[in-house]
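What follows is a set of notes on a single structure, which appears directly below.
The values are calculated or read from the model by the stated rules, or taken from the named source; none is laboratory data. Please read all numbers here as calculations on a predicted model, not as lab measurements. All Cβ positions, even for glycine, are placed from backbone atoms using ideal geometry, and neighbour counts span all protein chains on display.
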Amino acid sequence: MSNRKYMELAIELAEKARGFTNPNPLVGAVIVKEDRIIGRGYHEKYGQLHAERNALASCTEDPKGAVMYVTLEPCCHYGKTPPCTEAIIAGGLSKVFIGSRDPNPLVSGKGVKMLQNAGIEVTTDFMKEECDALNPVFFHFIIHQTPYVVMKYAMTMDGKIATVTGASKWITGEKARENVHRDRHHYAAIMAGKGTIIKDDPLLTCRMNGGKHPIRIICDSQLTIPITAKVVTTTAEAATIIATSCRDKDRQQPYIDQGCRILEIPLSADNHLSLPHLMKDLAADGIDSILLEGGGALNWSALEAGIVNKVQTYIAPKIFGGETAKTPVAGVGVALPSQAYQLVNPKFTAMGDDILIESEVLPC
Ligand code: AOF
Ligand code: ZN
(Lines give C-alpha, C1' and ligand atoms only; values in the text may rest on other atoms or scores of the structure.)
(Ligands and ions follow the chains in the order given, each with its own letter.)
Protein backbone atom coordinates (compact mmCIF):
# COMPACT_ATOMS: atom_id res chain seq x y z
CA MET A 1 0.00 0.00 0.00
CA SER A 2 1.15 3.57 -0.62
CA ASN A 3 1.92 6.25 1.97
CA ARG A 4 -1.30 7.99 0.90
CA LYS A 5 -3.41 4.87 1.55
CA TYR A 6 -2.00 4.53 5.07
CA MET A 7 -2.75 8.19 5.84
CA GLU A 8 -6.25 7.78 4.36
CA LEU A 9 -6.79 4.92 6.80
CA ALA A 10 -5.60 7.13 9.67
CA ILE A 11 -8.13 9.80 8.59
CA GLU A 12 -10.92 7.18 8.48
CA LEU A 13 -10.01 6.06 12.00
CA ALA A 14 -9.99 9.65 13.30
CA GLU A 15 -13.43 10.27 11.83
CA LYS A 16 -14.95 7.43 13.88
CA ALA A 17 -14.86 9.53 17.05
CA ARG A 18 -16.62 12.61 15.67
CA GLY A 19 -18.81 14.10 18.39
CA PHE A 20 -17.00 12.35 21.26
CA THR A 21 -13.66 14.21 21.53
CA ASN A 22 -14.74 17.87 21.86
CA PRO A 23 -13.03 20.16 22.65
CA ASN A 24 -10.08 18.00 21.68
CA PRO A 25 -9.21 17.10 18.08
CA LEU A 26 -10.06 14.08 15.96
CA VAL A 27 -6.82 12.18 15.45
CA GLY A 28 -5.98 8.83 13.85
CA ALA A 29 -2.72 6.86 13.60
CA VAL A 30 -1.51 3.81 11.69
CA ILE A 31 1.79 1.95 12.27
CA VAL A 32 3.38 0.06 9.38
CA LYS A 33 6.36 -2.32 9.27
CA GLU A 34 7.68 -3.67 5.97
CA ASP A 35 4.35 -2.84 4.32
CA ARG A 36 2.29 -4.63 7.01
CA ILE A 37 -0.10 -2.69 9.22
CA ILE A 38 0.94 -3.69 12.73
CA GLY A 39 -1.03 -1.10 14.72
CA ARG A 40 -3.88 1.35 14.40
CA GLY A 41 -5.66 3.66 16.79
CA TYR A 42 -7.58 6.88 17.20
CA HIS A 43 -8.49 9.33 19.92
CA GLU A 44 -11.77 7.77 20.96
CA LYS A 45 -13.12 10.02 23.66
CA TYR A 46 -12.26 13.29 25.40
CA GLY A 47 -9.83 12.74 28.28
CA GLN A 48 -8.74 9.31 27.07
CA LEU A 49 -5.50 8.19 25.41
CA HIS A 50 -4.36 9.95 22.25
CA ALA A 51 -4.38 8.26 18.85
CA GLU A 52 -0.63 7.58 18.82
CA ARG A 53 -0.66 5.76 22.17
CA ASN A 54 -3.72 3.73 21.18
CA ALA A 55 -1.99 2.73 17.93
CA LEU A 56 1.20 1.75 19.80
CA ALA A 57 -0.80 -0.25 22.35
CA SER A 58 -2.52 -2.17 19.55
CA CYS A 59 0.73 -3.28 17.88
CA THR A 60 0.81 -6.94 16.95
CA GLU A 61 4.61 -6.85 16.56
CA ASP A 62 7.49 -4.85 18.03
CA PRO A 63 7.17 -1.33 16.47
CA LYS A 64 10.99 -0.90 16.45
CA GLY A 65 11.96 0.49 13.05
CA ALA A 66 8.33 0.92 11.95
CA VAL A 67 6.67 3.95 10.31
CA MET A 68 3.80 5.92 11.88
CA TYR A 69 1.17 7.83 9.86
CA VAL A 70 -0.59 10.31 12.14
CA THR A 71 -3.15 12.96 11.15
CA LEU A 72 -1.95 15.59 13.69
CA GLU A 73 1.48 16.55 15.02
CA PRO A 74 2.14 14.36 18.08
CA CYS A 75 1.90 16.18 21.40
CA CYS A 76 4.98 16.75 23.56
CA HIS A 77 3.32 18.09 26.72
CA TYR A 78 1.97 16.59 29.92
CA GLY A 79 -1.78 17.20 29.73
CA LYS A 80 -4.44 14.72 30.72
CA THR A 81 -2.08 12.12 29.27
CA PRO A 82 1.74 11.97 28.99
CA PRO A 83 3.42 13.18 25.75
CA CYS A 84 2.91 10.99 22.68
CA THR A 85 6.40 11.90 21.43
CA GLU A 86 7.87 9.99 24.42
CA ALA A 87 5.90 6.87 23.50
CA ILE A 88 6.94 7.12 19.83
CA ILE A 89 10.62 7.51 20.80
CA ALA A 90 10.40 4.71 23.36
CA GLY A 91 8.77 2.47 20.75
CA GLY A 92 11.80 2.90 18.48
CA LEU A 93 9.90 4.07 15.40
CA SER A 94 12.15 5.17 12.55
CA LYS A 95 9.88 7.50 10.61
CA VAL A 96 6.69 9.55 11.17
CA PHE A 97 4.40 11.05 8.52
CA ILE A 98 2.39 13.97 9.99
CA GLY A 99 -0.71 15.52 8.39
CA SER A 100 -1.84 18.66 10.26
CA ARG A 101 0.30 21.04 12.26
CA ASP A 102 -0.93 21.51 15.83
CA PRO A 103 -1.65 25.20 16.59
CA ASN A 104 -1.89 24.38 20.30
CA PRO A 105 0.90 26.61 21.74
CA LEU A 106 1.92 23.74 24.02
CA VAL A 107 2.78 21.65 20.96
CA SER A 108 3.09 23.81 17.80
CA GLY A 109 6.29 22.59 16.12
CA LYS A 110 7.82 21.35 19.37
CA GLY A 111 6.42 17.85 18.82
CA VAL A 112 8.20 17.60 15.45
CA LYS A 113 11.48 18.92 16.92
CA MET A 114 11.41 16.42 19.75
CA LEU A 115 11.03 13.51 17.32
CA GLN A 116 13.80 14.84 15.06
CA ASN A 117 16.13 15.38 18.03
CA ALA A 118 15.66 11.70 18.87
CA GLY A 119 16.86 10.81 15.34
CA ILE A 120 13.42 10.00 13.91
CA GLU A 121 12.83 10.98 10.28
CA VAL A 122 9.77 13.25 10.06
CA THR A 123 7.69 14.24 7.01
CA THR A 124 5.36 17.14 7.83
CA ASP A 125 2.33 18.52 5.94
CA PHE A 126 1.68 15.09 4.43
CA MET A 127 -1.90 15.20 2.99
CA LYS A 128 -2.28 18.33 5.11
CA GLU A 129 -5.46 19.53 3.41
CA GLU A 130 -7.29 16.23 3.94
CA CYS A 131 -6.11 16.00 7.56
CA ASP A 132 -6.96 19.67 8.27
CA ALA A 133 -10.51 18.99 7.06
CA LEU A 134 -11.03 16.78 10.12
CA ASN A 135 -10.60 19.59 12.62
CA PRO A 136 -11.90 23.07 11.66
CA VAL A 137 -13.57 23.23 15.08
CA PHE A 138 -10.42 22.34 17.06
CA PHE A 139 -8.24 24.77 15.08
CA HIS A 140 -10.71 27.63 15.55
CA PHE A 141 -11.22 26.93 19.25
CA ILE A 142 -7.55 26.55 20.17
CA ILE A 143 -6.56 29.72 18.27
CA HIS A 144 -9.47 32.05 19.14
CA GLN A 145 -10.74 30.55 22.41
CA THR A 146 -14.34 30.98 21.20
CA PRO A 147 -16.74 28.33 19.89
CA TYR A 148 -16.95 27.54 16.16
CA VAL A 149 -20.49 28.64 15.22
CA VAL A 150 -22.49 27.02 12.42
CA MET A 151 -25.65 28.87 11.40
CA LYS A 152 -28.14 26.31 10.12
CA TYR A 153 -31.53 26.85 8.53
CA ALA A 154 -33.91 25.16 6.10
CA MET A 155 -35.79 27.18 3.52
CA THR A 156 -37.97 26.80 0.46
CA MET A 157 -36.87 27.71 -3.08
CA ASP A 158 -38.39 31.16 -2.50
CA GLY A 159 -36.37 31.64 0.67
CA LYS A 160 -39.04 31.09 3.34
CA ILE A 161 -38.50 29.30 6.67
CA ALA A 162 -42.25 29.12 7.40
CA THR A 163 -45.58 29.80 5.68
CA VAL A 164 -47.59 33.01 6.26
CA THR A 165 -49.33 31.27 9.21
CA GLY A 166 -45.95 30.42 10.77
CA ALA A 167 -46.20 26.66 10.02
CA SER A 168 -42.80 25.11 9.30
CA LYS A 169 -43.15 21.34 9.72
CA TRP A 170 -41.64 20.18 7.50
CA ILE A 171 -39.66 22.08 4.94
CA THR A 172 -36.96 19.54 4.08
CA GLY A 173 -37.31 15.77 3.68
CA GLU A 174 -36.14 12.93 5.88
CA LYS A 175 -32.53 12.66 4.61
CA ALA A 176 -31.83 16.32 5.33
CA ARG A 177 -33.43 16.08 8.75
CA GLU A 178 -31.31 13.01 9.57
CA ASN A 179 -28.24 15.05 8.68
CA VAL A 180 -29.28 17.74 11.14
CA HIS A 181 -29.44 15.14 13.91
CA ARG A 182 -25.97 13.92 12.97
CA ASP A 183 -24.75 17.51 13.32
CA ARG A 184 -26.48 17.90 16.68
CA HIS A 185 -24.30 14.94 17.76
CA HIS A 186 -21.13 16.38 16.20
CA TYR A 187 -21.28 19.84 17.71
CA ALA A 188 -21.03 20.45 21.44
CA ALA A 189 -24.03 22.77 21.76
CA ILE A 190 -27.13 24.02 20.00
CA MET A 191 -28.40 27.59 20.31
CA ALA A 192 -31.84 29.09 19.72
CA GLY A 193 -33.64 32.30 20.60
CA LYS A 194 -36.66 32.93 22.79
CA GLY A 195 -38.89 33.38 19.69
CA THR A 196 -38.20 29.83 18.49
CA ILE A 197 -38.94 28.38 21.95
CA ILE A 198 -42.26 30.21 22.22
CA LYS A 199 -43.35 29.48 18.65
CA ASP A 200 -42.19 25.85 18.17
CA ASP A 201 -41.46 24.56 21.70
CA PRO A 202 -38.64 22.36 20.28
CA LEU A 203 -36.70 19.72 22.21
CA LEU A 204 -33.40 20.49 20.43
CA THR A 205 -32.04 17.04 21.26
CA CYS A 206 -30.25 14.53 19.00
CA ARG A 207 -32.43 11.73 17.69
CA MET A 208 -29.63 9.76 16.02
CA ASN A 209 -28.92 6.20 17.20
CA GLY A 210 -25.90 6.27 19.49
CA GLY A 211 -25.71 10.07 19.28
CA LYS A 212 -25.22 12.45 22.18
CA HIS A 213 -27.39 15.46 22.96
CA PRO A 214 -25.87 18.90 22.46
CA ILE A 215 -25.98 21.33 25.38
CA ARG A 216 -29.00 23.56 24.72
CA ILE A 217 -28.32 27.29 24.90
CA ILE A 218 -31.33 29.58 24.89
CA CYS A 219 -30.87 33.33 24.36
CA ASP A 220 -33.58 35.03 26.40
CA SER A 221 -32.47 38.53 27.42
CA GLN A 222 -35.59 39.28 29.53
CA LEU A 223 -36.02 35.72 30.89
CA THR A 224 -39.57 35.23 29.69
CA ILE A 225 -39.61 31.74 28.12
CA PRO A 226 -42.43 29.61 29.61
CA ILE A 227 -41.38 27.48 32.56
CA THR A 228 -43.34 24.69 30.82
CA ALA A 229 -41.18 24.85 27.64
CA LYS A 230 -39.69 21.45 26.70
CA VAL A 231 -36.11 22.78 26.91
CA VAL A 232 -36.84 23.71 30.54
CA THR A 233 -38.67 20.55 31.64
CA THR A 234 -36.32 17.96 30.06
CA THR A 235 -32.99 18.84 31.66
CA ALA A 236 -32.67 15.28 33.02
CA GLU A 237 -32.25 14.24 29.39
CA ALA A 238 -30.11 17.12 28.06
CA ALA A 239 -28.48 20.14 29.71
CA THR A 240 -29.97 23.62 29.20
CA ILE A 241 -28.21 26.93 29.66
CA ILE A 242 -30.33 30.09 29.57
CA ALA A 243 -28.36 33.19 28.64
CA THR A 244 -30.07 36.28 30.04
CA SER A 245 -29.45 39.80 31.24
CA CYS A 246 -32.03 39.33 34.00
CA ARG A 247 -30.21 39.40 37.35
CA ASP A 248 -33.33 38.97 39.46
CA LYS A 249 -32.63 35.79 41.48
CA ASP A 250 -36.34 35.26 42.29
CA ARG A 251 -37.17 35.16 38.60
CA GLN A 252 -34.21 32.89 37.87
CA GLN A 253 -35.02 30.36 40.60
CA PRO A 254 -37.95 28.50 38.91
CA TYR A 255 -35.72 27.73 35.91
CA ILE A 256 -32.87 26.64 38.20
CA ASP A 257 -35.33 24.39 40.09
CA GLN A 258 -36.07 22.68 36.77
CA GLY A 259 -32.34 22.00 36.31
CA CYS A 260 -31.48 24.86 33.94
CA ARG A 261 -28.26 26.81 34.33
CA ILE A 262 -28.55 30.59 34.16
CA LEU A 263 -25.71 32.53 32.54
CA GLU A 264 -25.90 36.27 33.19
CA ILE A 265 -24.74 38.15 30.10
CA PRO A 266 -24.61 41.94 29.69
CA LEU A 267 -26.63 43.69 26.99
CA SER A 268 -24.93 45.18 23.94
CA ALA A 269 -25.52 48.77 22.78
CA ASP A 270 -28.60 47.71 20.77
CA ASN A 271 -30.21 46.07 23.82
CA HIS A 272 -29.56 42.49 22.74
CA LEU A 273 -27.47 39.98 24.65
CA SER A 274 -23.79 40.56 23.97
CA LEU A 275 -23.05 37.49 21.85
CA PRO A 276 -19.24 37.93 21.88
CA HIS A 277 -19.45 37.98 25.69
CA LEU A 278 -21.65 34.86 25.67
CA MET A 279 -19.18 33.08 23.34
CA LYS A 280 -16.26 33.81 25.70
CA ASP A 281 -18.21 32.44 28.69
CA LEU A 282 -19.25 29.29 26.81
CA ALA A 283 -15.66 28.72 25.61
CA ALA A 284 -14.46 28.99 29.20
CA ASP A 285 -16.82 26.08 29.91
CA GLY A 286 -15.14 24.00 27.17
CA ILE A 287 -17.91 24.47 24.58
CA ASP A 288 -15.95 24.40 21.31
CA SER A 289 -18.80 24.41 18.78
CA ILE A 290 -22.39 25.58 18.41
CA LEU A 291 -25.09 24.70 15.91
CA LEU A 292 -27.13 27.89 15.69
CA GLU A 293 -30.74 27.03 14.91
CA GLY A 294 -31.67 30.58 15.54
CA GLY A 295 -34.62 32.12 13.80
CA GLY A 296 -34.25 35.38 11.83
CA ALA A 297 -33.59 37.81 14.67
CA LEU A 298 -30.87 35.78 16.40
CA ASN A 299 -29.29 34.85 13.06
CA TRP A 300 -28.92 38.52 12.13
CA SER A 301 -27.52 39.40 15.56
CA ALA A 302 -25.03 36.55 15.30
CA LEU A 303 -23.82 37.69 11.86
CA GLU A 304 -23.58 41.28 13.03
CA ALA A 305 -21.62 40.24 16.10
CA GLY A 306 -19.16 38.41 13.82
CA ILE A 307 -19.49 35.09 15.65
CA VAL A 308 -20.64 32.92 12.70
CA ASN A 309 -17.99 30.75 11.04
CA LYS A 310 -20.05 28.61 8.71
CA VAL A 311 -23.54 28.73 7.18
CA GLN A 312 -25.52 25.60 6.36
CA THR A 313 -28.47 26.26 4.05
CA TYR A 314 -30.86 23.42 3.32
CA ILE A 315 -33.02 24.21 0.27
CA ALA A 316 -36.25 22.29 -0.34
CA PRO A 317 -37.90 22.18 -3.79
CA LYS A 318 -41.03 24.00 -2.62
CA ILE A 319 -42.47 27.49 -2.84
CA PHE A 320 -44.49 29.00 0.03
CA GLY A 321 -44.96 32.58 -1.21
CA GLY A 322 -46.51 35.19 1.08
CA GLU A 323 -45.08 38.63 1.73
CA THR A 324 -45.00 38.20 5.51
CA ALA A 325 -43.70 34.62 5.54
CA LYS A 326 -40.43 34.58 7.50
CA THR A 327 -36.97 34.38 5.94
CA PRO A 328 -33.78 32.92 7.55
CA VAL A 329 -32.08 36.20 8.43
CA ALA A 330 -34.07 39.24 9.63
CA GLY A 331 -32.81 42.27 11.58
CA VAL A 332 -32.24 45.57 9.80
CA GLY A 333 -30.25 44.05 6.93
CA VAL A 334 -27.65 45.82 4.81
CA ALA A 335 -28.42 48.78 2.54
CA LEU A 336 -26.31 47.81 -0.46
CA PRO A 337 -25.32 44.52 -2.10
CA SER A 338 -21.70 45.57 -1.64
CA GLN A 339 -22.28 45.49 2.15
CA ALA A 340 -23.40 41.83 2.12
CA TYR A 341 -21.88 39.23 4.41
CA GLN A 342 -19.69 37.24 2.05
CA LEU A 343 -19.65 33.46 2.04
CA VAL A 344 -16.80 31.48 0.48
CA ASN A 345 -15.79 27.89 -0.40
CA PRO A 346 -19.30 26.56 -1.00
CA LYS A 347 -19.83 22.81 -0.81
CA PHE A 348 -22.99 21.36 -2.40
CA THR A 349 -24.52 18.08 -1.26
CA ALA A 350 -27.73 16.54 -2.60
CA MET A 351 -29.89 15.05 0.17
CA GLY A 352 -32.91 13.26 -1.21
CA ASP A 353 -34.86 16.00 -3.02
CA ASP A 354 -33.12 18.75 -1.03
CA ILE A 355 -29.76 20.47 -1.39
CA LEU A 356 -27.37 21.42 1.39
CA ILE A 357 -25.00 24.33 0.74
CA GLU A 358 -22.24 24.82 3.29
CA SER A 359 -20.05 27.92 3.12
CA GLU A 360 -17.55 29.67 5.33
CA VAL A 361 -18.18 33.24 6.44
CA LEU A 362 -15.48 35.66 5.37
CA PRO A 363 -14.49 37.62 8.49
CA CYS A 364 -15.32 41.36 8.14
C1 AOF B 1 -6.10 14.66 21.68
N2 AOF B 1 -6.05 13.46 21.03
O3 AOF B 1 -5.04 11.98 19.70
C4 AOF B 1 -3.96 14.05 20.09
C5 AOF B 1 -4.03 15.30 20.75
O6 AOF B 1 -5.67 17.39 27.26
P7 AOF B 1 -4.84 16.32 26.64
O8 AOF B 1 -3.73 15.85 27.49
O9 AOF B 1 -5.70 15.18 26.13
O10 AOF B 1 -4.12 16.99 25.37
C11 AOF B 1 -4.87 17.59 24.39
C12 AOF B 1 -3.96 18.18 23.34
O13 AOF B 1 -3.09 17.20 22.80
C14 AOF B 1 -4.72 18.74 22.15
O15 AOF B 1 -5.07 20.08 22.36
C16 AOF B 1 -3.72 18.60 21.01
O17 AOF B 1 -2.91 19.76 20.98
C18 AOF B 1 -2.82 17.43 21.42
N19 AOF B 1 -3.04 16.21 20.60
N20 AOF B 1 -5.11 15.55 21.53
O21 AOF B 1 -7.06 14.91 22.41
C22 AOF B 1 -5.03 13.11 20.25
N23 AOF B 1 -2.93 13.69 19.32
ZN1 ZN C 1 -0.69 13.12 22.34
Review point. Do the conditions hold for GLY19, that is, is it touching a His at 6+ places or on another chain (Cβ under 8 Å) and either surrounded by 19 or more Cβ atoms within 10 Å (Cβ to Cβ) or in a strand (DSSP E or B) (or both)?
Key: yes
Check your understanding: β-branched (Val, Ile, Thr), free of Cβ contacts under 8 Å to residues at least 40 places away in the same chain and part of a helix (DSSP H, G or I): does that describe ILE98?
Key -> no
Exercise for review: Can you confirm whether region 209-221 contains a residue that is exposed (fewer than 15 other Cβ atoms within 10 Å of the Cβ), polar (S, T, N, Q) and either under 17 Å from the mean Cα position of the chain (by Cα) or modelled with pLDDT under 95 (or both)?
Suggested key: yes
Review point. Does PRO136 satisfy the condition of being within 24 Å of HIS185 (Cα to Cα), surrounded by fewer than 18 Cβ atoms within 10 Å (Cβ to Cβ), under 25 Å from the mean Cα position of the chain (by Cα) and more than 16 Å from ligand 2 (Cβ to nearest atom)?
Key: yes
Review point. Which one of these is among the basic types (Lys, Arg) and either in contact with an Asp or Glu (Cβ under 7 Å, 6 or more places away or on another chain) or within 15 Å of SER94 (Cβ to Cβ) (or both): LYS16, LYS33, LYS5?
Key: LYS33
**Study point:** Cross-chain or 6+ apart pairs with Cβ under 6 Å, region 312-332 first and assigned by the TED database to the domain that holds VAL164, then surrounded by fewer than 18 Cβ atoms within 10 Å (Cβ to Cβ) and in a strand (DSSP E or B)
**Key:** GLN312/GLU358; THR313/ILE357; ILE315/ILE355
Check your understanding: Could we say that LEU291 is in a strand (DSSP E or B) and crowded, with 17+ Cβ neighbours inside 10 Å here?
Key -> yes
Review point. Across region 48-65, which residue is farthest from the chain's Cα centre (by Cα) among those that are part of a loop (DSSP other than H, G, I, E, B) and either of a type in the set (Gly, Ala, Ser) or closer than 15 Å to GLU86 by Cβ (or both)?
Key: GLY65
**Study point:** Residues satisfying the stated conditions in region 123-155, i.e. of a type in the set (Val, Ile, Thr) and more than 28 Å from ALA302 (Cβ to Cβ)
**Key:** THR123, THR124
Exercise for review: Give me a count of the residues in region 32-52 that are within 9 Å of ligand 1 (Cβ to nearest atom) and under 23 Å from SER2 (Cα atoms).
Suggested key: 4
Check your understanding: VAL70 fails exactly one of the following numbered conditions: (1) over 19 Å from ASN104 (Cα atoms); (2) outside any loop (DSSP other than H, G, I, E, B). What is the number of that condition?
Key -> (1)
Check your understanding: Here is a list of conditions, (1) closer than 30 Å to GLY322 by Cα; (2) loosely packed, with under 14 Cβ neighbours inside 10 Å; (3) within 26 Å of the chain's Cα centre (by Cα), and ASP158 meets all of them except one; can you say which number that is?
Key -> (3)
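Results for (1) in contact with a Ser or Thr (Cβ under 8 Å, 6 or more places away or on another chain); (2) acidic (Asp, Glu); (3) in the same structural domain as VAL149 (by the TED database), shown as yes or no for each residue.
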{"residue": "SER168", "(1), (2), (3)": "no, no, yes"}
{"residue": "THR172", "(1), (2), (3)": "no, no, yes"}
{"residue": "LYS175", "(1), (2), (3)": "no, no, yes"}
{"residue": "ALA188", "(1), (2), (3)": "yes, no, yes"}
{"residue": "ARG216", "(1), (2), (3)": "yes, no, yes"}
{"residue": "ASP220", "(1), (2), (3)": "yes, yes, yes"}
Review point. Within region 84-123, which residues are crowded, with 19+ Cβ neighbours inside 10 Å and either small (Gly, Ala, Ser) or not assigned by the TED database to the domain that holds SER58 (or both)?
Key: ALA87, GLY91, GLY99, SER100, GLY111
Review point. So how many residues does region 119-140 have that are touching a residue at least 40 places away in the same chain (Cβ under 8 Å) and either of a type in the set (Lys, Arg) or more than 22 Å from LEU13 (Cβ to Cβ) (or both)?
Key: 1
Practice item. Taking LEU106 as the residue in question, decide whether it is in contact with a helix residue (DSSP H, G or I) (Cβ under 6 Å, 6 or more places away or on another chain) and within 14 Å of ligand 2 (Cβ to nearest atom). Key: no
